Structures are given as structure tokens and as C-alpha cells.
1. To the nearest 20 Debye, how big is the dipole of region 2-220 about its Cα centre, given +1 on the beta carbon of each Lys and Arg and -1 on that of each Asp and Glu?
2. What are the ³J(HN,Hα) couplings of region 2-10, residue after residue, when phi is run through the Karplus curve with 6.51, -1.76, 1.60 and θ = phi - 60°? Round to Hz, x for glycine and proline.
3. Which residues' amide hydrogens lie under 5 Å from the amide hydrogen of Leu98, considering only partners 5 or more residues apart or on another chain, with H built in the peptide plane?
4. Skipping prolines and chain starts, which residues have an amide H placed within reach, meaning under 5 Å, of the one on Met192, given they are 5 or more residues away or on another chain?
5. Glu144's amide H: which non-local residues (gap 5+, or another chain) put their own amide H closer than 5 Å, with H modeled 1.01 Å from N in plane and none for Pro or chain starts?
6. Between Gly26, Pro195, Val216, whose Cα lies farthest towards the positive end of the dipole of region 2-220 when Lys and Arg beta carbons carry +1 and Asp and Glu beta carbons carry -1, centred on the Cα centre?
7. Arranged from highest to lowest average of other beta-carbon atoms within 10 Å per residue, in what order do the peptides 159-165, 130-136 appear?
8. Among Gly54, Gly100, Phe75, flag the residue with its Cα farthest along the positive direction of the charge dipole of the chain, charges on Cβ as +1 for Lys/Arg and -1 for Asp/Glu.
Amino acid sequence: MRFGVVVFPGSNCDHDAWYAITRNLGQQAEMIWHDSPTLGDADAVILPGGFSYGDYLRCGAIAKFSPVMTAVRRFAEQGGLVLGICNGFQILVESGLLPGALLRNRDLKFVCREVTVRVETANTPFTLAAAPGQTLRLPVAHGEGCYFADERTLDRLEREDCVVLRYLDNPNGSLRDIAGICNERRNVMGLMPHPERAADELMGSTDGRVILESMVHSLVAP
């Protein structure tokens, strides 16, 4: 499998994602610069964490205008797998590929620590190797990670089984403890925790591998 890792000016988790895919999973990955009009021959795309364009205006608000996002939207519309991690989640929301918004953390402070999340559904290409109710230890590092949406949208996400991960120790005030969601077609997912930073034993947890490995399994499944 070949993963494309999109790199925006200000991305700082792009190499982390590349390392997790190539060294921990043994798959192929290549960096895709923000001004690229295509995604090449990528089978799946990762929008990594960081501070795209310095997070001026709002997190992800400028990145959504990058030329590569036209290719990402087209890829998603065709059913391609797109995973947005942290700033990548913010970009997906700003781009309209996922509903809601990411607001300033409840305590208005940057949060950088390990959290525990629960897998709410295994019915996605990103969690098919996990079990519903399974808990994962993953790190977070964000200042604007509070997931917000109106009640109607939140109810729809719940009803359509699109809440993928939920915090057990909510670090940012996200409504309904939401840590990750997917779209209705289930091929686009965004999450604030960093699975790529919990994919190597040296990091103290390999729980994040289940998300990345699920993507690989879904792509090779008949």
C-alpha cells in the first residue's frame, strides 16, 4: 500500500506519520507538498498534525485553500481513504469534508499529554481491526481541540454511528467527549489524538497502530 502524507507549511508531524507507516507498518509512504495538484498514486492520504500556515485566522482556515486540497476532496469523493490527525482534523472540518468545528480548549491552554479513548464503532476502514469498546492510549497536543457542533449535527453523528472515538478523560471540553468522527460514507476520518505517535514500542504505547493497520487491512481486503 502507498500512503500520501500531505505537507503544509507549518506541518510538524508529517515525518512522524511517514515513519509510522514505513518503519512500523512496513508500507510505502511519500510526502505530498501543499501546492501539488495531484496525490500521485496514493492509495490513502494522511493530513498530519502541526500548525499549517502558522494557524493564522483559525486552525486549518488557510490550508483549506491549498491546491492539494482540491485533489484531496476529489479523492474523498471517489471513495479514497483520508485520515486527518489533529491539525489535519481541523483542516478537514474547515474544508467541509467533516461537520462541526474545533474550538479553543476548555481551559484555554495547550494540552500535551496522553489520553484514553474508547473505540465507539469498528464499522469504519480506520477501526475495523479494533473492537467496539476497546480503549486506546494516545497522546494529544493541541490548543484548539474542543469539538463543537449543534445538537442536530451531534444527534446525526450518533444516529449514523459516525462517532468513532470518545474520550474517557476529556482533555479539551469536546462536546459528548468526541475525539474522532467519520463522514457518512465512512471513508474520511478526523481525530485529535495522534495514533502515529503511539505506533512504536519506544514511545510507550503501540495502541495507535490499530488505526493505521485498519486502513491497510481495508485496502487489501477483497
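Throughout, read-outs are computed from the coordinates displayed, never taken from laboratory work. Computed from a predicted structure; not experimentally measured. Counting neighbours? That spans all protein chains shown, and the Cβs are built from the backbone with ideal geometry, glycine included.
1. Details: 21 positive and 27 negative charges, 47 e Å.
Value, rounded to 20: 220 debye.
2. 10, 9, x, 10, 6, 10, 9, x, x
3. Counting only residues 5 or more places away or on other chains, the set is Val93.
4. Amide H to amide H, under 5 Å and 5 or more residues apart or across chains, Met192 pairs with Cys86.
5. Asn105
6. Farthest towards the positive end: Pro195.
7. Values: 159-165: 19.0, 130-136: 14.9.
Descending packing order for the listed peptides: 159-165, 130-136.
8. Gly100
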